[in-house]
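These notes concern the structure reproduced below.
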Amino acid sequence: MQKIVVVGGGAGGLELVTKLGRKLGRRKKAEVILVDRNPTHLWKPLLHELAVGTMDEGNDAVSYRAHAYANGFHFRIGSLMDIDRAQRQVVLAPVMDDEGVEFIPSTRIDYDYLVIALGSVSNDFNTPGVSDHCIFLDSPKQAQRFRNKLLNRFLRIQRVREESDHVRIAIVGGGATGVELSAELHHAVTEFHNYGFNAVTNEHLHVTLLEAGDRILPALPERISAAATRELSRIGVKVRTNTMITSASKDGLHTKDGDLVEADLMVWAAGIKVPDFMAGIGGLETNRINQIKVNRQLQTTEDKHIFAIGDCAECIQEDGKRVPPRAQSAHQMADVCYHNLTASIKGKPLKAYQYRDHGSLISLANYSTVGSLMGNLTGGSLFIEGRMARMVYISLYRMHQMAVHGLIKTGLLMLSGKINRWLRPRLKLH
């Protein structure tokens with residue numbers, strides 16, 4: 001029996017291993033194993049909502065072990081340390097407890113086919129002080145850390161009630177994460193006001209969004225960027241473009257122009273990279289941000305038995321453009337990778353991956369949603385905003401849920417979500 005190991009349970013990895021488990025694992029046609037260092041999965045585009053408490057991870061997180069049991073694959077907790085291509089084994093690092101004591105030694109897992117779907121992390125470009133003073137939003141744990149700090153600041157305002165007291169938040173990076181977090185913060189303050197923080201208002205919140213380029217959302221059409229800028233300014237977010245950060249300190253962020261952007265909380269959301277340990281791992285070819293280079297069939301350039309999908313893969317299309325690091329890319333890659341793995345096992349021809357841009361949407365909390373649909377499918381794009389855009393934005397997450405849970409269970413989750421909004425607070429307050 002063939003053994004397929006998928007490392008990384010993000011959007012693409014979980015969708016892929018779920019499909020492999022249902023189609024191959026249940027029928028004993030292959031042994032399918034998922035490896036991840038976390039016990040649960042949460043859709044990464046929702047981390048900004050988790051960070052401010054407008055989403056409860058207890059309701060949306062997927063337990064890998066329970067999901068594996070229900071879908072015909074196995075789950076192993078652990079962190080990838082190396083790949084032994086000669087022996088066709090992945091090497092997992094030792095697992096430590098909260099006190100730093102090793103309770104699971106380094107282990108090896110055999111594979112016939114390996115899929116790397118580790119995703120990406122924030123790239124601080126080695127900017128001095130950033131790793132010490134800024135919070136990244138790469139994982140639920142980091143989002144929870146930000147939420148706890150935010151709650152403590154609001155609690156101080158509620159208890160001390162000094163007129164000069166306020167919360168200064170600086171967000172570096174005008175991409176989707178930075179823009180959506182900026183809007184979600186102002187929406188959350190309104191909700192905090194209803195849950196005992198009656199002294200806290202939007203006047204106590206000073207959010208500054210910093211972007212090195214000449215506009216926010218640089219990867220999207222200028223019309224979307226302009227609409228998002230107008231909406232953020234309307235709700236009180238200070239948007240600063242052409243502002244490069246040279247260092248961070250406990251007092252705030254230092255710019256290339258010599259300014260100090262004072263801040264109590266600093267979030268770094270500028271740029272991505274694959275974790276540094278992935279550079280040249282197992283002798284595989286990687287680029288300057290540690291992405292694994294793959295061919296059009298999503299196989300690594302050095303080993304046809306190893307595939308890579310999602311943000312951790314550098315895939316060059318026929319037109320010479322790189323596939324962008326988006327959730328829709330990971331979703332599409334998972335489908336093609338599934339086809340190519342099953343084709344490889346059967347000795348059939350593989351399919352080339354072609355990225356399809358279905359557009360981009362940016363959620364500005366409950367204030368607005370803006371974006372474009374269709375993208376390069378029609379050679380142009382359709383600009384949408386407001387309620388229609390919000391419905392499409394939410395549907396992206398529903399599509400991910402359907403890929404993971406199926407249609408019926410996703411419908412039940414939607415119903416459960418509506419019930420929870422009636423039974424539970426609108427904010428997670430702990």
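Each reported figure results from applying straightforward, stated rules to the coordinates on display, with no laboratory input. These figures come from a predicted structure and were not determined experimentally. Cβ: placed from backbone, ideal geometry, glycine included. Neighbour counts: every protein chain shown.
For the reader, a short list of remarks on this structure follows.
- All Cα-Cα distances of region 188-322, cut into 10 Å bins from zero to the largest, leave 10, 25, 25, 23, 13, 3, 0 percent in each bin in turn.
- With kT/(6 pi eta Rh) evaluated at 25 °C and eta = 0.890 mPa s, and Rh the Kirkwood radius from Cα pairs, region 48-169 diffuses with a coefficient of 132 µm²/s according to Stokes-Einstein.
- Note on K28: lysines with a C-alpha under 21 Å away, same-chain residues under 8 apart excluded, are K3, K19, K346, K348.
- Calculated P(r) tail over 19 Å for region 120-176, as whole % of Cα pairs: 42 percent
- Bridgeable lysines around K418 (alpha carbons under 27 Å apart, same-chain partners fewer than 8 residues away excluded): K44, K141, K409, K428.
- Of L412, L150, L92, the residue with the greatest mean-square motion in the GNM of the chain, using alpha carbon springs below 10 Å, is L412.
- Taking every C-alpha pair closer than 8 Å and separated by at least 6 residues, the mean separation divided by the residue count of region 130-272 gives a relative contact order of 34 percent.
- Cα-only Debye scattering, region 66-109: base-10 log of I(q)/I(0) at q = 0.20, 0.23, 0.34 Å⁻¹: -0.75, -0.84, -1.06
- Furthest towards positive pole of dipole, V52, A313, Q354, structure part the chain, Cβ charges: Q354
- Rounded to 5, the percent of DSSP beta bridges in the chain classed as antiparallel: 50 percent
- Magnitude of the charge dipole for region 130-272, about its Cα centre and with charges confined to Cβ atoms of Lys, Arg (+1) and Asp, Glu (-1), is about 280 debye.
- Calculated log₁₀ intensity ratio I(q)/I(0) where the Debye formula runs over C-alpha points of the chain, q = 0.09 Å⁻¹: -0.60
- Dipole check for the chain: with +1 at the C-beta of Lys and Arg, -1 at the C-beta of Asp and Glu, and the Cα centre as origin, the magnitude is about 1780 Debye.
- Dipole of the chain, positive direction: furthest Cα of M414, C134, H254, with charges on the beta-carbon: M414
- For S139, net neighbour charge (Lys/Arg +1, Asp/Glu -1) across residues whose Cβ lies under 12 Å away: +1
- Positive contributions from Lys and Arg (+1) and negative ones from Asp and Glu (-1), summed over other residues with Cβ under 11 Å from the Cβ of D110, come out at 0.
- Cα extents of region 299-371 along the three principal axes, largest first (Å): 52, 24, 18
- Expected-Rg normalisation [2.2 N^0.38 Å, Cα atoms] applied to region 130-272: 1.03
- Relative contact order (%) - the chain, alpha-carbon pairs under 8 angstrom, separation at least six: 16 percent
- q = 0.14, 0.17, 0.27 Å⁻¹: log10 I(q)/I(0) that the Debye formula gives for region 271-318, counting C-alpha atoms only: -0.28, -0.41, -0.99
- For the chain, built as a Gaussian network whose Cα springs stay under 10 Å, the top-fluctuating residue of Q87, Q142, Q299: Q87
- Segment I77..K23, full-extension length gain: 17.2 nm, with 0.36 nm per residue of separation and the alpha-carbon distance subtracted.
- Annotation for E102 and A279: the two label points, set 7 Å from Cα along the Cα-Cβ direction, are 2.5 nm apart.
- With the biggest extent put first, the Cα atoms of region 1-100 measure 45, 34, 21 Å across the principal axes.
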